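The values are calculated or read from the model by the stated rules, or taken from the named source; none is laboratory data. The model shown is predicted, which means the values in this text are computed figures rather than measured ones. Backbone-built Cβ (ideal geometry, glycine too); neighbour counts: all protein chains shown.
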Amino acid sequence: MAESKVNDLMERIVSLCKRRGFVFQSSEIYGGINGFWDYGPLGAELKRNVKGFWWRVMTQRRDDVVGLDATIIMHPKIWEASGHTTTFADPMVDCLLTKKRFRADQIEPQSGVVYHYSGARDLRQWSNFKKIYSEPEFMTITDFMERYIKTKDGSPDRVNLNKVFEHEYQPKPNTPSLDMLETIYTASKCDDPYSVLLAPGKNPDSARKVARQFYAQRGIVEARLLEERTEKVENSTRYNPENGSLLTEARMFNLMFKTYVGPVESAENTAYLRPETAQAIFAQFKNVAEVSRQKVPFGICQIGKAFRNEINPRNFTFRSREFEQMELEFFIRPDEAIEAICGSVARPAGPGHPGEPQANWGWQMWHKYWVEERLAFYESIGLPRTTLVEYWQKPEELAHYARATVDILYKFPFSKRDAAGELAGEELEGIAARSDFDLSQHQRFSGKAMGVFDEELKLAWAKLDEAKKAALSERYFESRRNYLVKTNEDPGKAEAKAREDAVGLARGSYVPHVIEPSAGVDRLALALICNAYGEDTAPDEKGKMETRVVMRFHPRIAPVKAAVFPLLKNKPELVKKAREVRDLLRPHMTVFYDEAGAIGRRYRRQDEAGTPFGVTIDFDTLGEQGAELKDTVTLRERDSMKQSRVKIEALAALLLERIR
Ligand code: GAP
């Protein structure tokens with residue numbers, strides 16, 4: 001799709017979101033606040049449905065996952081242990097002209113000709129000279145001064161230039177002394193170097209214009225640009241794609257929002273709004289494992305707000321500064337423990353879902369399992385497989401502790417296109433195999449044991465032959481030492497600590513590894529909105545075809561499940577019956593009751609809201625066309641616009657089956 005059509009589609013989606021109350025700009029009456037969004041009545045329902053269904057699938061329908069609801073502000077040590085205080089940063093650059101801020105790694109590479117300047121002089125200070133010299137003479141004297149100020153007092157060059165001045169310029173009436181000229185000239189300068197990138201073939205004057213604007217901001221009103229030189233560049237990310245101006249050098253910017261706990265704003269009272277929900281799960285791992293009497297493998301999941309001071313929030317709600325996450329930390333045995341217990345470790349045999357979890361699954365099987373489970377989840381709420389991309393991060397993209405990460409991408413209309421012109425997709429969720437990094441870090445920083453005791457492992461280990469014990473011990477020792485060395489532990493201490501851990505494994509103790517499916521609620525809501533948006537044609541009241549905007553949400557996550565309409569609002573019997581039907585459905589689902597306007601208009605309003613079913617109470621319902629139609633209603637389906645007659649007594653069961 002052409003760029004303008006994509007923008008047009010996104011504009012229509014954003015406009016519908018506001019018009020129908022899915023999403024509003026936060027603090028709109030004060031001009032909004034960048035990166036923050038509010039959800040209106042329909043958006044709030046949509047989000048609740050998404051979170052509710054995720055919670056049902058990820059914990060309520062499983063024996064091996066339990067939930068957590070932790071605080072947003074936690075002990076600041078948590079963020080030291082997780083690495084967020086030191087490494088949760090993005091490279092940031094600013095446009096030297098407009099001050100607009102960009103994420104350095106998101107700048108589109110550009111090619112062209114760069115115009116470099118070493119600085120500028122303000123010719124305004126020289127206005128008196130313009131009365132003495134013609135314009136070309138004036139420029140030559142500025143050239144002369146430029147050379148003159150670079151010479152040293154008493155040097156042969158300066159002596160020569162003094163002579164030139166005496167012969168060429170001094171004879172003109174009213175010419176000030178060379179000393180005075182030097183004072184004026186040197187006072188009116190800016191030595192900041194600056195560059196502008198121009199696309200190939202563009203007029204150099206546009207580079208000069210941008211450069212003059214740059215120097216004007218530094219007080220140089222009438223700029224004479226100094227030492228212009230050009231350079232061809234390919235795929236440079238040093239220039240603002242919007243105006244060609246040079247950007248600042250990249251600086252790292254920590255994305256965590258800071259606050260203070262208590263009345264004193266001091267370093268020791270500094271706390272952070274959590275940038276992810278995951279860390280609370282790790283910090284509460286021991287408590288949850290104990291009270292829920294879960295044994296590894298098992299998971300803890302959480303839904304909640306997260307905050308990131310994103311440098312460049314963009315694409316509507318896609319990259320926000322406040323958003324919600326749905327995260328699962330699924331704890332598993334290290335592969336060495338599985339091998340000790342089961343004799344070998346099962347690994348994925350090929351593509352597709354690996355089936356029901358088995359005792360001999362190592363991290364690769366669990367990782368594959370969760371990737372497939374999560375893809376199935378997205379399909380079950382109406383995102384077709386063709387709109388999703390399963391992206392396996394390349395080794396160089398992985399975090400140092402991660403063994404594998406799969407990003408599930410959705411092909412948003414604003415996604416970039418790949419070489420074949422296909423939408424590449426943007427991340428909805430990451431599923432990472434994070435080794436035992438997280439719990440190990442909290443063990444180190446808190447000094448509290450985060451390992452588990454595994455009776456089955458202890459018994460199995462005792463039965464292994466010595467060669468097997470030695471081989472598994474050595475492998476476990478190596479992986480623990482690697483972790484410790486990577487976290488800057490002294491090599492001697494790392495060796496000793498890793499040996500202790502290997503002895504612990506032989507006794508049935510280890511720090512669990514983790515698989516982390518981590519999804520964003522807001523990104524998913526946006527994907528569902530983009531996916532649902534459609535335009536087709538439908539007849540108006542007079543039978544004339546008109547454009548219909550329809551949100552084709554899967555009934556499972558649709559904000560409103562059924563709309564109930566009395567055919568006419570001025571017929572008390574119809575209104576009474578319609579209210580009865582509304583009250584019959586309301587305990588089971590979200591129902592919208594609407595009696596205002598022509599029935600066609602009411603249908604259209606619900607199509608835009610994405611309500612999958614319309615229930616109309618008409619004269620047939622009252623039995624006016626015969627007893628066989630009495631207590632039946634018209635059921636209209638949003639997508640096909642097909643209508644059928646359904647008995648009121650069968651209605652709730654029929655709809656429930658379709659929306660679960
Ligand atoms: N605990 C792992 C973690 O937080 P992440 O990839 O940084 O991983 C997980 O975030 C998910 O959270 C992303 O896939 C995305 O859906 C959502 N997310 C992250 N940053 C976001 C932002 N600025 N705005 C909206 N959603 C965001």
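Yes/no matrix, rows are residues, columns are (1) buried (at least 16 other Cβ atoms within 10 Å of the Cβ); (2) in a loop (DSSP other than H, G, I, E, B); (3) within 16 Å of the ligand (Cβ to nearest atom):
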{"position": "420", "(1), (2), (3)": "no, yes, no"}
{"position": "442", "(1), (2), (3)": "yes, no, yes"}
{"position": "450", "(1), (2), (3)": "yes, yes, no"}
{"position": "459", "(1), (2), (3)": "no, no, no"}
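With 549, 646, 560 as the choices, which residue is surrounded by fewer than 22 Cβ atoms within 10 Å (Cβ to Cβ), touching a strand residue (DSSP E or B) at 6+ places or on another chain (Cβ under 7 Å), in contact (Cβ under 8 Å) with a residue 60 or more places away in the chain and part of a strand (DSSP E or B)?
None of the other options fit; the residue is 549.
Of the numbered conditions (1) at pLDDT below 95; (2) closer than 26 Å to residue 438 by Cβ; (3) more than 16 Å from the ligand (Cβ to nearest atom), residue 290 fails exactly one; give the number of that condition.
Checking residue 290 against (1) at pLDDT below 95; (2) closer than 26 Å to residue 438 by Cβ; (3) more than 16 Å from the ligand (Cβ to nearest atom), the one that fails is (1).
It is to be established whether one or more residues within segment 409-422 are out of contact with any Pro (no Cβ under 9 Å at 6 or more places or on another chain), without any contact (Cβ under 8 Å) to a residue 60 or more places away in the chain and within 30 Å of residue 660 (Cα to Cα).
There is at least one residue in segment 409-422 that is out of contact with any Pro (no Cβ under 9 Å at 6 or more places or on another chain), without any contact (Cβ under 8 Å) to a residue 60 or more places away in the chain and within 30 Å of residue 660 (Cα to Cα).
Tell me, please, whether a residue that is over 26 Å from the mean Cα position of the chain (by Cα) and farther than 23 Å from residue 359 by Cβ can be found in segment 456-466.
yes
Can you find even one residue in segment 489-502 that is in a strand (DSSP E or B), at pLDDT below 95 and away from the ligand (no atom under 16 Å from the Cβ)?
So far as segment 489-502 goes, no, none of its residues is in a strand (DSSP E or B), at pLDDT below 95 and away from the ligand (no atom under 16 Å from the Cβ).
Test each condition in (1) away from the ligand (no atom under 13 Å from the Cβ); (2) in contact (Cβ under 8 Å) with a residue 40 or more places away in the chain; (3) within 17 Å of the chain's Cα centre (by Cα) for residue 400 and report the one that comes out false.
Condition (3) is where residue 400 drops out.
Can you find a residue that is β-branched (Val, Ile, Thr), within 14 Å of the ligand (Cβ to nearest atom) and either free of Cβ contacts under 8 Å to residues at least 24 places away in the same chain or not in a loop (DSSP other than H, G, I, E, B) (or both) anywhere in segment 68-89?
There is at least one residue in segment 68-89 that is β-branched (Val, Ile, Thr), within 14 Å of the ligand (Cβ to nearest atom) and either free of Cβ contacts under 8 Å to residues at least 24 places away in the same chain or not in a loop (DSSP other than H, G, I, E, B) (or both).
Select from segment 20-38 the residues that are in contact (Cβ under 8 Å) with a residue 40 or more places away in the chain and on the phi < 0 side of the Ramachandran plot and write down the one among them that is surrounded by the most Cβ atoms within 10 Å (Cβ to Cβ).
The selected residue is 22.
Can you find even one residue in segment 92-107 that is touching a Cys at 6+ places or on another chain (Cβ under 8 Å) and among the aromatic types (Phe, Trp, Tyr)?
yes
Any idea which residue in segment 426-440 is farthest from the ligand (Cβ to nearest atom), counting only those that are in a helix (DSSP H, G or I) and of a type outside the set (Gly, Ala, Ser)?
439
Is it fair to say residue 505 is within 30 Å of residue 299 (Cα to Cα) and surrounded by 14 or more Cβ atoms within 10 Å (Cβ to Cβ)?
yes
The rows are residues; the columns are (1) closer than 28 Å to residue 8 by Cβ; (2) touching an Asp or Glu at 6+ places or on another chain (Cβ under 7 Å).
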site	(1), (2)
357	no, no
362	no, yes
377	no, no
395	no, no
410	yes, yes
414	yes, no
420	yes, no
451	no, no
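Please enumerate the residues belonging to segment 294-325 that are among the basic types (Lys, Arg) and at pLDDT below 95.
Within segment 294-325, just 314 meets the criteria.
Enumerate the pairs (first residue in segment 511-524 and closer than 12 Å to residue 427 by Cβ and at pLDDT 95 or above; second residue anywhere and of a type in the set (Val, Ile, Thr) and more than 8 Å from the ligand (Cβ to nearest atom)) with beta-carbon separation below 6 Å, excluding pairs fewer than 6 apart on the same chain, so at least 6 apart or on different chains.
As it stands, the answer is 524/50, since those pairs meet every condition given.
So which residues in segment 142-160 are surrounded by 10 or more Cβ atoms within 10 Å (Cβ to Cβ) and at pLDDT 90 or above, if there are any at all?
Of everything in segment 142-160, those that are surrounded by 10 or more Cβ atoms within 10 Å (Cβ to Cβ) and at pLDDT 90 or above turn out to be 148, 151, 155, 157, 158, 159, 160.
Kindly provide the set of residues from segment 344-387 that are touching a residue at least 12 places away in the same chain (Cβ under 8 Å) and on the phi > 0 side of the Ramachandran plot, ordered by number.
Of everything in segment 344-387, those that are touching a residue at least 12 places away in the same chain (Cβ under 8 Å) and on the phi > 0 side of the Ramachandran plot turn out to be 352, 382.
On the given criteria, is residue 309 on the phi > 0 side of the Ramachandran plot, surrounded by fewer than 21 Cβ atoms within 10 Å (Cβ to Cβ) and touching a residue at least 12 places away in the same chain (Cβ under 8 Å)?
No; evaluated as a whole, the condition is false for this residue.
If I filter segment 170-201 down to residues being of a type in the set (Val, Ile, Thr), within 19 Å of residue 123 (Cα to Cα) and in contact (Cβ under 8 Å) with a residue 24 or more places away in the chain, which single residue comes out as surrounded by the most Cβ atoms within 10 Å (Cβ to Cβ)?
Filtering first and then ranking leaves 175.
Yes or no: residue 354 within 24 Å of residue 512 (Cα to Cα), assigned to a loop (DSSP other than H, G, I, E, B), touching a Phe, Trp or Tyr at 6+ places or on another chain (Cβ under 7 Å) and more than 14 Å from the ligand (Cβ to nearest atom)?
yes
Which of (1) at pLDDT 90 or above; (2) part of a helix (DSSP H, G or I) is the odd one out, the single condition residue 186 does not satisfy?
With (1) at pLDDT 90 or above; (2) part of a helix (DSSP H, G or I) applied to residue 186, the lone miss is (1).
Where residues in segment 517-541 are surrounded by 24 or more Cβ atoms within 10 Å (Cβ to Cβ) and under 22 Å from residue 300 (Cβ atoms), which of them is nearest to the ligand (Cβ to nearest atom)?
Step by step, filter segment 517-541, then rank; the result is 519.
Picking from 636, 602, 658, 579, which residue would you name as being in a strand (DSSP E or B) and charged (D, E, K, R)?
Of 636, 602, 658, 579, the one residue that is in a strand (DSSP E or B) and charged (D, E, K, R) is 636.
Report every pair of residues separated by at least 6 positions or lying on different chains whose Cβ atoms are under 7 Å apart, first residue within segment 315-327 and under 14 Å from residue 255 (Cβ atoms) and within 6 Å of the ligand (Cβ to nearest atom), second of a type in the set (Gly, Ala, Ser) and not in a strand (DSSP E or B).
So the pair list comes out as 320/35.
Go over the candidates 609, 652, 627 one by one and state the one that is out of contact with any helix residue (DSSP H, G or I) (no Cβ under 8 Å at 6 or more places or on another chain), small (Gly, Ala, Ser) and either farther than 27 Å from residue 49 by Cα or modelled with pLDDT of 95 or more (or both).
627
Would you pick out the residues in segment 39-54 that are within 30 Å of residue 298 (Cβ to Cβ) and surrounded by 17 or more Cβ atoms within 10 Å (Cβ to Cβ)?
Those that are within 30 Å of residue 298 (Cβ to Cβ) and surrounded by 17 or more Cβ atoms within 10 Å (Cβ to Cβ): 47, 49, 50, 51, 53, 54.
Of the residues that make up segment 215-225, is at least one under 30 Å from residue 145 (Cβ atoms) and part of a helix (DSSP H, G or I)?
The answer is yes, given that some residue of segment 215-225 is under 30 Å from residue 145 (Cβ atoms) and part of a helix (DSSP H, G or I).
If you go through segment 483-502 one residue at a time, how many are free of Cβ contacts under 8 Å to residues at least 24 places away in the same chain and more than 31 Å from the chain's Cα centre (by Cα)?
13
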